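The values are calculated or read from the model by the stated rules, or taken from the named source; none is laboratory data. Only a predicted model underlies this, so the values are computations on that prediction, with no experimental measurement involved. Positions of Cβ are backbone-derived with ideal geometry, glycine not excepted, and every protein chain shown enters the neighbour counts.
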Amino acid sequence: MWLDLPIIKLMLSIIRFFISACLVFFALLLHGQEKKAPPKPKKDYRPTGLRVGTDLIDIGKTLATNTFTGWEINGDVDFANYYLTADFGTWGKDILIKNGDYTNSGTYYRVGVDINFLGKDPDKNMFFLGFRAGHSVFNESVNYYTNVPPHLFSPLDTTYSNPNASGNWGEITTGLRVKVWKGLWLGYTARMKFAPTVTSNPNFVTYDMPGYGVVQNTLWWGFNYQVFWRFAWRKDKVLPVKK
């Protein structure tokens, strides 16, 4: 054979090197022509408005019954898809019990944070999950009436009071906020209340805490149907997408 084996091996090595070099060159060429992905716009955490509203259910119960009086004011401020929220309200109940009645009255507030899972909605509609910490200051009393035969003793009227009581609890919340017209919003908030604690007269067992409900229930549910008006002071800045 006119070509010996070492020369053939050398030629094959040169061909393999040339093919590898060509493949690397074309790969680099294609990589340089690929479009770079546009950078994600940075979140703007500056607030765009304040939303203020009230609970329609509390107003309805106050007008429709003689056993509850109260109202509640709600507000929130947006920081991108996070909302700082606060509530303040009054609460009074008059409950008939066996041989007597129980009454309480006081104020409460809640503060917390909501996370909006519709953060890309330009109208800022909300489906949210959140947390609240609640605090209540109130007084309460219970009256007992004991009827005895009138020819033996006069009826007994005993009153026990618990002034200057206070309490705390936590809440996990979820709900919706929907823009209806211009600044008008409607929505609801469902609340899972838990871990109530009361500081009060040790000789008095608190029954109902304003803002929470029946204290003996360590897990309690609440629901608000709310109407809001939103005071906007700026619009979200939409950053241009680089091509």
Considering only segment 50-72, state which residues are in a strand (DSSP E or B) and touching an Asp or Glu at 6+ places or on another chain (Cβ under 7 Å).
ARG51, THR54, ASP55, GLY70, TRP71, GLU72
Restricting attention to segment 170-196, the residues that are touching a strand residue (DSSP E or B) at 6+ places or on another chain (Cβ under 7 Å) and over 18 Å from ASP114 (Cβ atoms) number exactly 5
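THR189: among the polar types (S, T, N, Q), assigned to a strand (DSSP E or B) and farther than 18 Å from THR54 by Cβ, yes or no?
Values: among the polar types (S, T, N, Q): yes; assigned to a strand (DSSP E or B): yes; farther than 18 Å from THR54 by Cβ: no.
Considered against the rule, which asks whether it is among the polar types (S, T, N, Q), assigned to a strand (DSSP E or B) and farther than 18 Å from THR54 by Cβ, THR189 comes out as no.
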Select from segment 192-213 the residues that are modelled with pLDDT of 95 or more, more than 16 Å from the chain's Cα centre (by Cα) and assigned to a strand (DSSP E or B) and list them in ascending order.
ALA195, PRO196, THR197, VAL198, ASP208, MET209, GLY213
Residues being hydroxyl-bearing (Ser, Thr, Tyr) and surrounded by fewer than 15 Cβ atoms within 10 Å (Cβ to Cβ): count how many of those fall in segment 55-72.
2
Matching residues, segment 155-173, being under 30 Å from LEU84 (Cβ atoms) and surrounded by 15 or more Cβ atoms within 10 Å (Cβ to Cβ)
ALA165, SER166, GLY167, ASN168, TRP169, GLY170, GLU171, THR173
For segment 70-110, the count of residues that are within 20 Å of ILE172 (Cα to Cα) and of a type in the set (A, V, I, L, M) equals 4
Run down ARG51, ARG46 and say which single residue is within 21 Å of LYS124 (Cβ to Cβ) and modelled with pLDDT under 95.
ARG46
On the basis of being assigned to a loop (DSSP other than H, G, I, E, B), of a type outside the set (A, V, I, L, M) and under 30 Å from TYR145 (Cβ atoms), does ASN104 make the cut?
no
Write out, first by first residue and then by second, each pair whose Cβ atoms fall under 8 Å of each other, whose residues are 6+ apart or on separate chains, and whose first residue, in segment 89-102, is surrounded by fewer than 18 Cβ atoms within 10 Å (Cβ to Cβ) while the second is basic (Lys, Arg).
TYR102/LYS93
